[in-house]
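First the structure, in the form of structure tokens, and then the observations on it.
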Amino acid sequence: MKILMVCLGNICRSPLAEGILRSKTFLKGVEVDSAGTADYHVGNRPDKRSIGVGAKYNIDISNLSGRQFSVQDYDNFDLIYAMDNSNYKNMIALARNEEDKKKVFLILNEIFPGEDLDVPDPYYGGAHGFETVYKMLDQACDAIVEKIS
Ligand code: 4NP
């Protein structure tokens with residue numbers, strides 16, 4: 001099982017989602033990666049505030065490196081989670097067929113089915129926003145682990 005977490009910049013939300021899900025699945029043969037729909041932060045480390053909130057909960061994401069989502073990701077992953085509706089739409093626009101589209105889900109629908117909620121983009125806010133994002137992703141990743149096990 002290969003799972004991809006996707007946000008806009010791949011420096012705030014999706015690297016945290018990657019680290020959290022990996023920590024919950026490391027014994028289960030699940031591969032986890034993350035990407036951004038934009039190319040602004042390709043090759044960059046996660047935002048210091050994401051690294052910080054991860055460290056607080058023993059999740060080390062300090063060595064991750066930003067990359068951009070590409071259409072090949074549809075071949076390489078089984079499940080692709082969008083952090084928000086904008087990421088979702090951008091990925092669906094790149095899908096080549098229905099099979100690709102069926103791999104893409106909004107991550108918060110795992111805990112609030114059918115509500116189509118966004119993980120709020122914490123980039124322009126303070127540390128509190130990163131704590132909120134962490135808690136949402138932690139719950140959503142618990143639900144993902146339940147779903148795939
Ligand atoms: P992310 O947050 O999508 O959760 O990584 C953002 C990071 C950077 C930018 C926007 C959102 N930016 O505009 O550079």
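The values are calculated or read from the model by the stated rules, or taken from the named source; none is laboratory data. None of the values given here were measured: they were computed from a predicted structure. Using ideal geometry, Cβ is built from the backbone for each residue, glycine included, and neighbour counts are taken over all protein chains shown.
Residues of the stretch 131-147 that are touching a residue at least 40 places away in the same chain (Cβ under 8 Å) and either surrounded by 17 or more Cβ atoms within 10 Å (Cβ to Cβ) or closer than 21 Å to ASP121 by Cβ (or both): GLU131, VAL133, TYR134, LEU137, ASP138, ALA140, CYS141, ILE144. Taking the listed residues ILE92, ILE111, ILE59, ILE107, the one that is in contact with a Phe, Trp or Tyr (Cβ under 7 Å, 6 or more places away or on another chain) and modelled with pLDDT of 95 or more is ILE107, with no other qualifying.
Filtering LEU79, LEU106 for residues that are touching a strand residue (DSSP E or B) at 6+ places or on another chain (Cβ under 6 Å) and over 21 Å from GLU131 (Cα atoms) leaves a single hit, LEU79.
Checking each residue in the stretch 66-109 for being surrounded by fewer than 16 Cβ atoms within 10 Å (Cβ to Cβ), closer than 18 Å to GLU18 by Cα and of a type in the set (Gly, Ala, Ser) picks out only SER70.
The set of residues in the stretch 13-42 that are closer than 21 Å to ALA127 by Cα and surrounded by fewer than 24 Cβ atoms within 10 Å (Cβ to Cβ) contains only HIS41.
Condition (residue is within 16 Å of the ligand (Cβ to nearest atom), of a type in the set (D, E, K, R) and either part of a strand (DSSP E or B) or out of contact with any helix residue (DSSP H, G or I) (no Cβ under 7 Å at 6 or more places or on another chain) (or both)) applied to the stretch 90-108: is it met by at least one residue? So far as the stretch 90-108 goes, no, none of its residues is within 16 Å of the ligand (Cβ to nearest atom), of a type in the set (D, E, K, R) and either part of a strand (DSSP E or B) or out of contact with any helix residue (DSSP H, G or I) (no Cβ under 7 Å at 6 or more places or on another chain) (or both).
Does the stretch 18-32 contain at least one residue that is over 18 Å from ILE107 (Cα atoms) and at pLDDT 95 or above? The answer is no, given that none of the residues of the stretch 18-32 is over 18 Å from ILE107 (Cα atoms) and at pLDDT 95 or above.
Just so you know, in the stretch 110-130 the residues that are assigned to a loop (DSSP other than H, G, I, E, B) and of a type in the set (Phe, Trp, Tyr) include one that is surrounded by the most Cβ atoms within 10 Å (Cβ to Cβ), and it is TYR123.
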